[in-house]
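The values are calculated or read from the model by the stated rules, or taken from the named source; none is laboratory data. Computed from a predicted model, the values in this text were never measured in an experiment. A quick note on method: Cβ atoms are made from the backbone with ideal geometry, for glycine too, and the neighbour counts reach across all protein chains shown. Protein only, heavy atoms only, side chains kept; ligands, DNA and RNA dropped before computing areas. Shrake-Rupley method; radii C 1.70, N 1.55, O 1.52, S 1.80 Å.
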Amino acid sequence: QAKSKGKGLFAVFEQSIANATLQRMELEVSLRQALERQEFFLVFQPIVAISSGEIRGFEALLRWQHPTHGLISPTVFIPIAEEMGIISVLDRWVLKNACQQLHQWRVQHPELDLTMSVNLSTANFIFANLVETVTETLDRTQVAGKNLKLEITESILMKDPEATARVLKQLKDCGVEILLDDFGTGHSSLSYLHRLPLEGLKIDKSFVHEAQYSPQSMEIIKTIVSLAQGLKLKLIAEGIETDAQRRLLLGLGCDLGQGYLWWKPMTSRKASNALQHRGIAQQPRVSEFSKRL
Ligand code: C2E
Ligand code: MG
Ligand code: MG
Ligand code: MG
């Protein structure tokens, strides 16, 4: 009796692994086809001046509209694309489309001097002809290097700091600025920070969200702020959702931010609308549609 019961449980367990494997394999197959099937699109989240709410630029964020599973989060498919070795193809697509969009917005709103931030996977950062790809894309889309920001995570510093420094220097020579994303969550080697040509640090949203309740998170934010001030780096706070968080970050000397308080990531059409209002959110406008994004 007990034996057959145990066997039954084991079978269920095996089945769930099989299902997970199958699901993963299916996802890999459809991910490989997604680009040519035009299932990817970009959403754009404004980066604003924390004091006034004025839009200074955007972060481009990738979305995958799967034919049967619906909208899939980049936190799910980016790691898979990295493991499959196709992430540089995706990042190139994002770079090109984000720069095209930036060019259009800059032509429409020359007075705003908008920038575009693009996330780059660090999975094969150094080997993917990054510098050539970036210069070619800037050329083709008529975007000046200084209006493009590339976001990378600190994990790159652990992998190959020397090669990273070389690549970042080359990008800097093209005018492209580099931001360290999710700062404080990875293992950064502080000793490399001042040797890299960085423009700024992005304070991870986890610290922003916990700051009011956790003295530790508050201390981490204060440390990042003083580190940035000491090294003359810009600061962008991610994930600002409440006015209390906004005031806190402003008080600590953080100039730029992004978060649901102002805008969620939105389609290019909605972002264009936002820009019509001279880049200032009248009030947090979060539609049902953009909530899903
Ligand atoms: P990230 O680069 O740190 O992007 C910020 C994430 O925080 C975005 O999630 C954004 O939607 C979310 N966010 C912004 N404001 C708020 C807020 O007020 N509250 C909360 N709870 N969240 C907020 P998203 O779009 O799901 O992207 C997740 C991550 O996926 C990104 O984190 C980035 O690491 C990666 N990713 C997204 N697009 C790309 C891409 O084109 N290429 C690569 N390599 N990675 C990407
Ligand atoms: Mg980012
Ligand atoms: Mg981030
Ligand atoms: Mg993040």
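Points to keep in mind about this one:
- Coordinate range of the alpha-carbon atoms in region 194-284 per principal axis, descending: 38, 34, 19 Å.
- Top of Met158, Met266, Met116 by mean-square fluctuation, Gaussian network on the chain, Cα under 10 Å: Met158
- For the chain, the dipole from Cβ point charges (+1 on Lys and Arg, -1 on Asp and Glu) about the Cα centre works out to 500 debye, to the nearest 20.
- Pairs from Lys169/Lys270; Lys169/Lys205; Lys96/Lys270 whose Cα-Cα separation, in the structure shown, is over 31 Å: Lys169/Lys270
- Range in the chain, longest, excluding exposed chymotrypsin sites (Phe, Trp or Tyr not before Pro) [loop by DSSP; at most 13 other beta-carbon atoms within 10 Å]: 1-126
- Per residue, the accessible area of region 89-131 comes to 43 Å² when a 1.4 Å probe rolls over the protein heavy atoms.
- For Arg195, the solvent-accessible surface computed with a 1.4 Å probe is close to 140 Å², ligands and nucleic acids excluded.
- Nearest-0.05 FRET efficiency for Gln15 and Ser226, computed from C-beta distance (R0 45 Å): 0.25
- Violating pairs (Cα-Cα greater than 21 angstrom) within the set Lys172/Lys222; Lys149/Lys232; Lys159/Lys234; Lys149/Lys264: Lys172/Lys222; Lys159/Lys234
- Element breakdown for the chain at a 1.4 angstrom probe: carbon and sulfur atoms account for 53% of the accessible area.
- Here the contact order of region 146-264, divided by its residue count and restricted to Cα pairs under 8 Å and six or more residues apart, works out to 21 percent.
- Residue among Val12, Val118, Val48 with the largest mean-square fluctuation in a Gaussian network model of the chain, springs linking Cα atoms under 10 Å: Val12
- Among complete DSSP H helices in the chain, those whose alpha-carbon atoms stretch at least 24 Å along the helix's long axis and whose mean Kyte-Doolittle hydropathy reaches -1.0 are 2-34, 87-108.
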